[in-house]
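To start, the structure under review is shown below, and the notes come after it.
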Ligand SMILES: [Zn+2]
């Protein structure tokens, strides 16, 4: 009888110790979680995360980004899962819902005066914006289309790289001609309203053309000009597969019209510098590259 009681008491004690240890370990785990969250969040936000039982392993992928807000965590997760996005892409898209919605509450251009500058139907330039450091094509010995009183100008880095690219193309037997570069707001206004009759598929509204950045250039052969005949030429094939080595991307590729807002333009190239390599290899548009890699 006595033996039996002893056994029961020992068993009860062991059980109590077991549950005590579990409770201590849970307490420590929670303490660790609060400590980790506190590095990123204030007290109210930490309390919100705990109250909603957000899992640390799911949160960790998001916490590092400046635009992250714990209160929208479930929304980010839903976007990420529904559209197969990265955490940063989900945060960016949630806070910039019109990123791909043309002319719907457009925002000022991103990364102004850098090769990453984003000007499209969602990001615009002011009427008085003129890029710094424009240079004249006449000083560069680059074959180009001459318009009297309207000489082709580009940002200096764009012009330097363009010269190298056209020289190498020439060495490979392709004669390229530059048709246009920097375009002022005023000129774009004229083209959009007077020449293209407000056709948004082929022309940008004034302020929404990346030609105003000085980083965009229209290139073709003298025979094809700015027509789709260019696509059938050897020169285009070379350009398409080599432009990235000189920091240029084909800006309005086939099959991405819904992202860029423009019909395929085999002649329109955009200088993006070091970013060209990944954009080319991964077959991205500038829009996709930016939303995946940068905090907006
Ligand atoms: Zn163009």
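The values are calculated or read from the model by the stated rules, or taken from the named source; none is laboratory data. Keep in mind that this is a model prediction, so the values were computed, not measured. With ideal geometry, Cβ positions are generated from the backbone for all residues, glycine too; neighbour counts draw on all protein chains shown.
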(message) Being surrounded by 13 or more Cβ atoms within 10 Å (Cβ to Cβ) and in contact with a helix residue (DSSP H, G or I) (Cβ under 8 Å, 6 or more places away or on another chain) is the filter here; which residues of region 186-204 pass it?
(response) 188, 203, 204
(message) Taking the condition of being more than 15 Å from the ligand (Cβ to nearest atom) and either in a strand (DSSP E or B) or over 19 Å from the mean Cα position of the chain (by Cα) (or both), how many residues in region 232-257 meet it?
(response) 11
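Where in region 13-104 are the helices (runs of 4 or more DSSP H), entirely inside, with at least 3 residues that are under 26 Å from residue 259 (Cβ atoms), touching a helix residue (DSSP H, G or I) at 6+ places or on another chain (Cβ under 8 Å) and touching a residue at least 24 places away in the same chain (Cβ under 8 Å)?
Numbers: elements: 43-51, 56-63, 73-83, 87-95.
The qualifying helices (runs of 4 or more DSSP H) are 87-95.
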(message) With within 13 Å of the ligand (Cβ to nearest atom), in contact with a helix residue (DSSP H, G or I) (Cβ under 9 Å, 6 or more places away or on another chain) and at pLDDT 95 or above as the only criterion, which of 220, 175 stands out?
(response) 220
(request) Can you work out which of the residues in region 164-185 that are touching a residue at least 40 places away in the same chain (Cβ under 8 Å) and more than 23 Å from residue 229 (Cβ to Cβ) is surrounded by the fewest Cβ atoms within 10 Å (Cβ to Cβ)? (result) 164
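From the set of residues in region 186-211 that are in contact (Cβ under 8 Å) with a residue 60 or more places away in the chain and within 13 Å of the ligand (Cβ to nearest atom), which is nearest to residue 271 (Cα to Cα)? Walk me through it before giving the result.
Looking only at region 186-211, we keep the residues that are in contact (Cβ under 8 Å) with a residue 60 or more places away in the chain, and these are 200-202, 204-210.
Next, from what is left, pick out any that are within 13 Å of the ligand (Cβ to nearest atom): 202, 204, 208-210.
Details: 202: 20, 204: 18, 208: 17, 209: 14, 210: 11 Å.
In this case the residue turns out to be 210.
Take the residues in region 258-291 that are within 14 Å of the ligand (Cβ to nearest atom) and in a loop (DSSP other than H, G, I, E, B); name whichever of them is surrounded by the fewest Cβ atoms within 10 Å (Cβ to Cβ).
Taking region 258-291 and keeping what is within 14 Å of the ligand (Cβ to nearest atom), we get 260-271, 286.
Next cut, in a loop (DSSP other than H, G, I, E, B) only: 261-267.
On the way: 261: 20, 262: 20, 263: 12, 264: 15, 265: 19, 266: 24, 267: 25.
Per the criteria, the residue is 263.
Does residue 161 satisfy being surrounded by fewer than 18 Cβ atoms within 10 Å (Cβ to Cβ), touching a residue at least 12 places away in the same chain (Cβ under 8 Å) and more than 16 Å from the ligand (Cβ to nearest atom)? Let's see the steps before the verdict.
Working: surrounded by fewer than 18 Cβ atoms within 10 Å (Cβ to Cβ): no; touching a residue at least 12 places away in the same chain (Cβ under 8 Å): yes; more than 16 Å from the ligand (Cβ to nearest atom): yes.
Judged against the criteria, residue 161 is not a match.
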